[in-house]
Amino acid sequence: MNSYVKFGLLSAAVVGSLTWLAVGGISDTKTYYKTIKELDQMGDQAKVKRIRVGGDVDGNVTYQGHDAYFTLVQKEPGTELHLKVVYSGVDPLPDTMKAGAQALAEGKLGSDNVFHATKIQAKCASKYEAKLPAVKG
């Protein structure tokens, strides 16, 4: 076998391996953003897939050991949907994680219908809004 064929086969094996690793890594870290209503409609798939769920923090965050407990709420006309969340991540919760703040929890829904989050993002909308220019007169 000549050296060009060997080099071509080796190159194809390296490129194939890198492609396989990239596709596997993307599918493992891919998460879906859902509302609480969409999470309820997913059924058992919500207990298998890593999901991001958004909502407003309802009430205060309580701590028990290293875990943080809070409830997300989604307000719709005529109804309110609630989702209990347990955060067991290694990073501390953001300072803006207070009642009324918007939060995004990433994790899986447990068999107890409590969302077990490993990552939390929170923001206070009023803190990050752009200032309007002053109007004269």
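Worth a mention:
- The dipole here belongs to region 31-125: it is taken about the Cα centre, uses +1 on the Cβ of Lys and Arg and -1 on the Cβ of Asp and Glu, and is about 260 debye.
- When each of Glu76, Glu38 is scored by the number of other beta-carbon atoms lying within 10 Å, the sequence from fewest to most is Glu76, Glu38.
- Least to most buried among Leu93, Leu10 (fewest other Cβ within 10 Å first): Leu10, Leu93
- Panel order for Val15, Val61, by other beta carbons found within 10 Å of each beta carbon, from fewest to most: Val15, Val61.
- Taking a straight line from the alpha carbon of Lys6, not one of the aspartates and glutamates sits under 18 Å away once near neighbours fewer than eight places off in the same chain are left out.
- Pairs exceeding 21 Å between alpha-carbon atoms, taken from Lys47/Lys123; Lys34/Lys123; Lys84/Lys123; Lys34/Lys75; Lys49/Lys75; Lys37/Lys108: Lys47/Lys123; Lys49/Lys75.
- Diffusion coefficient, µm² s⁻¹, Stokes-Einstein with Kirkwood Rh over alpha-carbon pairs of region 31-125 at 4 °C and 1.567 mPa s: 98 µm²/s
The numbers here are math on the coordinates, done by the rules we state, and not lab data. Here the structure is a predicted model, which means the values were calculated and not measured. In this analysis, Cβ positions are derived from the backbone assuming ideal geometry, glycine residues included, and neighbour counts consider all displayed protein chains.
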